[in-house]
Amino acid sequence: MPAGSQSSHSPLNLDMIFRETKILGVYVIEPEKIKDERGFFTHTWSRNEFAKQGLEAEIIESNVSFNRKEGTLRGMHYQAEPHGQTKLVRCTRGKVYDVTVDIRPGSPTFKQWFGIELSDRNHLMLYVPKELAHGYQTLLADTEVLYQVSSSGYVPQAGRGVRWNDPAFGIEWPDVGRRVVIERDQNYQDFKL
């Protein structure tokens with residue numbers, strides 16, 4: 001930069017807005033944006049911001065799920081301990097209805113569910129702690145979802161699930177007409193302790 005000139009840019013001081021949900025430990029996260037005529041800039045992950053909130057701040061794996069059809073339902077999945085995963089989920093293309101269910105027996109929000117629309121337009125993220133089941137249904141074709149996960153990463157033998165329409169939870173999914181659900185996700189046993 002030539003002597004005497006000043007930068008018109010101020011140092012980035014972006015915060016993330018953490019909103020508690022009705023499920024203990026689950027947060028909706030809204031990234032603060034710096035906007036100008038070009039568009040915007042924002043953080044989608046900050047170890048320091050998560051640590052300040054007392055949330056797990058160690059991301060070890062990042063995964064993408066692409067879905068060709070509207071109405072594709074993936075879930076409700078989790079990994080058994082000691083391979084439990086914390087997830088930070090956001091929709092990078094299209095739109096989903098994202099749901100988490102509290103299946104922790106000692107939790108004050110046990111068997112409750114929370115759902116929110118995540119999209120490439122609203123830029124919201126959902127923080128899902130270990131031991132909660134998680135899934136989503138696409139609301140548009142060609143939708144892409146990004147998962148950042150903690151702990152042990154994906155461990156196939158620890159994979160578990162609960163049924164997306166199990167009456168124990170009563171999840172209210174959006175009606176999109178035809179739903180695409182693989183056999184495994186349709187055949188989980190009724191939830192029991």
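The values are calculated or read from the model by the stated rules, or taken from the named source; none is laboratory data. The model shown is predicted, which means the values in this text are computed figures rather than measured ones. Don't worry about glycine lacking a Cβ; one is built from the backbone with ideal geometry, like all the others, and counts go over all protein chains shown.
Say whether the condition of being of a type in the set (S, T, N, Q) and crowded, with 18+ Cβ neighbours inside 10 Å is met by at least one residue in region 120-132.
No, because not a single residue in region 120-132 is of a type in the set (S, T, N, Q) and crowded, with 18+ Cβ neighbours inside 10 Å.
Residue by residue, here is whether (1) modelled with pLDDT of 95 or more; (2) not aliphatic (A, V, I, L, M) holds:
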{"residue": "156", "(1), (2)": "no, yes"}
{"residue": "159", "(1), (2)": "no, yes"}
{"residue": "165", "(1), (2)": "yes, yes"}
{"residue": "169", "(1), (2)": "yes, yes"}
{"residue": "176", "(1), (2)": "no, no"}
{"residue": "179", "(1), (2)": "yes, yes"}
{"residue": "183", "(1), (2)": "yes, yes"}
{"residue": "189", "(1), (2)": "no, yes"}
{"residue": "192", "(1), (2)": "no, yes"}
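Go over the candidates 137, 148 one by one and state the one that is touching a strand residue (DSSP E or B) at 6+ places or on another chain (Cβ under 7 Å), modelled with pLDDT under 95, of a type in the set (S, T, N, Q) and buried (at least 17 other Cβ atoms within 10 Å of the Cβ).
It is 148.
For region 50-97, which positions are in contact (Cβ under 8 Å) with a residue 24 or more places away in the chain and farther than 23 Å from residue 117 by Cβ?
Within region 50-97, 56, 58, 59, 60, 61, 79, 80, 81, 82, 83, 84 meet the criteria.
Sort out which residues of region 97-150 are within 10 Å of the chain's Cα centre (by Cα) and of a type in the set (A, V, I, L, M, F, W, C), and write them in order of number.
Hits for region 97-150 are 99, 116, 118, 124, 125, 126, 128, 145, 146, 149.
Which fully enclosed strands (runs of 3 or more DSSP E) of region 9-116 have 1 or more residues being polar (S, T, N, Q), on the phi < 0 side of the Ramachandran plot and loosely packed, with under 14 Cβ neighbours inside 10 Å?
61-67
Checking the structure you have, find out if any residue of region 28-40 is at pLDDT 80 or above and among the aromatic types (Phe, Trp, Tyr).
No - not one qualifying residue is present in region 28-40.
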